[in-house]
Amino acid sequence: MISRRDFLQTSMAASAILGASSFGNWAKLAAQQALTQDQLLQFDTFGNVSLIHITDIHAQLKPIYFREPSINIGVGGNKGAVPHVTGADFRKLYGIDDGSASHYALSAGDFSALAQVYGKVGGLDRMATVINAIRADRPDAILLDGGDTWHGSYTCYHTAGQDMVNVMNALKPDAMTFHWEFTLGSARVQEIVESLPFAALGQNIFDAEWDEPVEIFPPYKFFERGGVKIAVIGQAFPYMPIANPGWMFPEYSFGIRDENMQAMVDEVRGQGAELVVCLSHNGFDVDKKMASRVTGIDVILSGHTHDALPEPVLVGETIIVASGSNGKFVSRVDLDVRDGRMMGFRHKLIPIFSDVIEPDKEVAALIEEQRAPYLDQLTEVIGKTDSLLYRRGNFNGTWDDLICDALLSEREADIAMSPGVRWGPSLIPGQDITREDIFNVTSMTYGKAYRSEMTGEFIKVILEDVADNIFNPDPYYQQGGDMVRIGGMGYRIDINQPQGSRISDMTLLKTGEAIDPAKSYVVAGWASVNENTEGPEIWDVVENHIRKLGTVSVAPNNSVQVIGA
């Protein structure tokens, strides 16, 4: 008799070779530039349970451009493994034709040219159309939101997340988990969560004082679908007080909490769960390690690191699904659950090509309603770009180069620092830059642009600390995100060295002189996790800089020399 693991391996092989994931179908059609909505949504219904996964929308209500990373370095056991494969290697791995829409959706190469051909992606009204189509085929499908939803735009900032809550409620999720949501502040998060018509899950959200689970964030929720008892366990971002300002949510503690996760899996299995799904905001590599340590999870729906993979990854008997970010994809996973176990699956990563998918009229009207009070501010043109502006990549993105240039100029600094966050749409050459575009890459509740003096030694300590968060070979010591972006300074990094020994050859670019450990430098940055940080808001700094430039041209950034990738 075939074992469960053999069955899953067969599902993986069929998915990769025969196109059971349906990725091969839309990729082939896209190569012919013959996509239709029906073709994008085509799916051979399978098994008796359907999951719909969306994650890391970052408050993007409208269609956008979004470039995938050209560099995504893996370390330790994840070196060379997905999602740390990019560009031509990624396309070869998945059989993607150069110049196809699948190339455009999933890979960074020739992005500006392909964007002109295939157009924008995303838009919650288009996502609604896709979700409704899946529900029409499988009415009891479970819609799960992986978090980073109420953060990342002008309207989200000015409504404290209410615009996203209103629109997401119209999509009718069954459950969600969290990360950036907590930067609205614990009081606001509690206010929203208590009003939600669906479950707010987090097995790892604990009371900071008593180290006990928090009642408003239950660890799991049961669903009866397709004759199957399903448990969905939530996993919020584990590193909240480290990566984000802990003073904004002092009541809570987080962590991975493997032992508690195992206890929750055992608990739901003991209550008759036939399918166990983890709705996770760990990040992909952390999810892989968790799957190797916690037994009994059938499916992990992965979020946080914004990876878009056309096929799930199998770790033991757990399949891990990565559904991208910024509203660019919706994942559908059909499961064959019988005899109390998940025996097989079919999966499709559905790209939201906004020129192909018709918007849902009700959701489109609701989106316009959220935006209407702010429309003049959103659409005001601040400048224009001659360069592709993107954020993603381990060491630099042109949006962050522009932000660093603004900090250097407007704050009269020697060195600038911009956080290595992964959210934020792209702009293609020739586009106007609106105020909305600036907020899309800067909007947060702690966006003050500080100006301070730091010694060369302290700057190195910062770089070493961030580098270890990204390149520690143990995924449980990684916190997602990318390397802090640096303006006005170059350096060399050997990613395979231990903490304290990765960074060298720090150079002040305006003079060519080596950074002196004992000397103080004027450093401007933003997104400090320290309370009572003073300075103008970063979006005002960037807006002032762009207004002065008129047209933005970002020069190639070769200031970081990477060793060991």
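The values are calculated or read from the model by the stated rules, or taken from the named source; none is laboratory data. The shown structure was predicted, so the numbers you read here are calculated from the model rather than taken from an experiment. Cβ coordinates were reconstructed from backbone atoms using ideal geometry, including for glycine residues, and neighbour counts include every protein chain displayed. Side chains are part of the model used for accessible areas, which takes the heavy atoms of the whole protein and leaves out ligands, DNA and RNA. Shrake-Rupley method; radii C 1.70, N 1.55, O 1.52, S 1.80 Å.
The figures follow:
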| read-out | value |
| --- | --- |
| Helix 4-13 vs. the chain, principal-axis angle (Cα, 0 to 90°, nearest 10) | 60 degrees |
| Full-stretch length increase - GLU380, ALA187 - with 0.36 nm per residue and alpha-carbon distance subtracted | 66.2 nm |
| Scattering profile of the range 152-297 at q = 0.08, 0.10, 0.21 Å⁻¹ [log10 I(q)/I(0), Debye over alpha-carbon scatterers] | -0.22, -0.35, -1.39 |
| Prolate/oblate/rounded label for the range 504-548 (Cα gyration tensor, a/c 1.5) | oblate |
| Computed P(r) (all Cα pairs; the range 417-565; 10 Å bins; percent) | 10, 34, 37, 18, 1 |
| Angle in degrees between helix 456-471 and the longest Cα principal axis of the chain, rounded to the nearest 10 | 10 degrees |
| Total formal charge among the other residues, if their Cβ is under 13 angstrom from that of SER559, Lys/Arg +1 and Asp/Glu -1 | -1 |
| Volume per residue that the Cα convex hull of the range 385-444 spans, once the total is divided by residue count, Å³ | 89 Å³ |
| Proportion of all alpha-carbon pairs of the range 338-491 beyond 21 Å (%) | 62 percent |
| Entries in LYS289/LYS328; LYS62/LYS548; LYS92/LYS448 that, when Cα-Cα distance is taken, lie over 31 Å | LYS92/LYS448 |
| Zero-based 5 Å bins, Cα pair distances in the range 38-88, whole percents | 4, 12, 13, 12, 18, 20, 16, 5, 0 |
| Compactness relative to 2.2 N^0.38 Å, alpha carbon Rg of the range 99-233 | 1.27 |
| Amide proton proximity set for TYR252, modelled H, under 5 Å, gap of 5+ | ALA208 |
| Solvent accessible area, Å² - LYS172, 1.4 Å probe, full protein context | 130 Å² |
| Part-to-part distance (alpha-carbon centres) for the range 43-92 and the range 458-512, which is given in Å | 25 Å |
| D_trans [Stokes-Einstein, Kirkwood Rh over alpha-carbon pairs] for the range 60-107, 10 °C, 1.306 mPa s, µm² s⁻¹ | 134 µm²/s |
| Neighbour cut-off at most 12 other Cβ (10 Å), DSSP loop, GluC sites (Glu not before Pro), the range 459-558 | GLU531, GLU534 |
| Whole-number percent relative contact order across the chain, with pairs defined as alpha carbons under 8 Å at least 6 apart | 18 percent |
| Taking all pairs of distinct alpha-carbon atoms in the range 94-166, Kirkwood radius in angstrom | 15.2 Å |
| Spin-label proximity, GLN116 to the range 393-432 - amide N less than 17 Å from point 7 Å beyond Cα toward beta carbon | 427-432 |
| Normalised per residue, the volume of the convex hull around the Cα set of the range 285-411 (Å³) | 206 Å³ |
| Förster-model FRET efficiency, 41 Å R0, VAL461 and ASN132, C-beta, rounded to 0.05 | 0.20 |
| 5 angstrom amide H check on ILE350, placed H, neighbours 5+ away | VAL330, SER331, ARG332 |
| Tilt relative to the chain, helix 284-293 - C-alpha long axis, 0 to 90 degrees, to 10 | 50 degrees |
| Semi-axes of the equivalent ellipsoid for the chain, Cα gyration tensor, largest first, Å | 36, 26, 24 |
| The range 169-212: radius of gyration and largest Cα-Cα distance (Dmax), Å | 11.4, 36 |
| Backbone HN-Hα couplings from phi across the range 254-262 [Karplus 6.51/-1.76/1.60, Hz, Gly and Pro as x] | 10, x, 6, 6, 3, 5, 5, 4, 4 |
| Estimated [θ] at 222 nm from DSSP helical runs (n ≥ 4, -39500 (n - 2.57)) normalised by residues in the chain, nearest 500 | -9000 deg cm²/dmol |
| GLY383 long-range amide H proximity, modeled H, under 5 Å | ILE433 |
| The range 66-136, Rg to Rh (Cα coordinates; Rh as Kirkwood inverse mean 1/r) | 1.07 |
| Net length gained if the chain between TRP247 and ALA514 were fully extended (0.36 nm per residue, minus Cα distance) | 92.5 nm |
| Percent RCO, i.e. relative contact order, over the range 117-184, from Cα pairs under 8 Å lying at least 6 residues apart | 36 percent |
| Rounded Å value of the spacing that divides the Cα centres of the range 314-372 and the range 234-270 | 24 Å |
| Å³ per residue enclosed by the Cα convex hull of the range 478-519 | 92 Å³ |
| Fully extended contour minus Cα-Cα distance, from GLU267 to ALA208, at 0.36 nm per residue | 18.9 nm |
| Charge tally in the Cβ shell below 9 Å around GLY487, where Lys, Arg are +1 and Asp, Glu are -1, GLY487 excluded | -2 |
| Sparse-neighbourhood loop sites, chymotrypsin sites (Phe, Trp or Tyr not before Pro) in the range 132-226 - DSSP loop, at most 13 other Cβ within 10 angstrom | TRP210 |
| The range 297-370: mean projected area of Cα convex hull, nm² | 6.9 nm² |
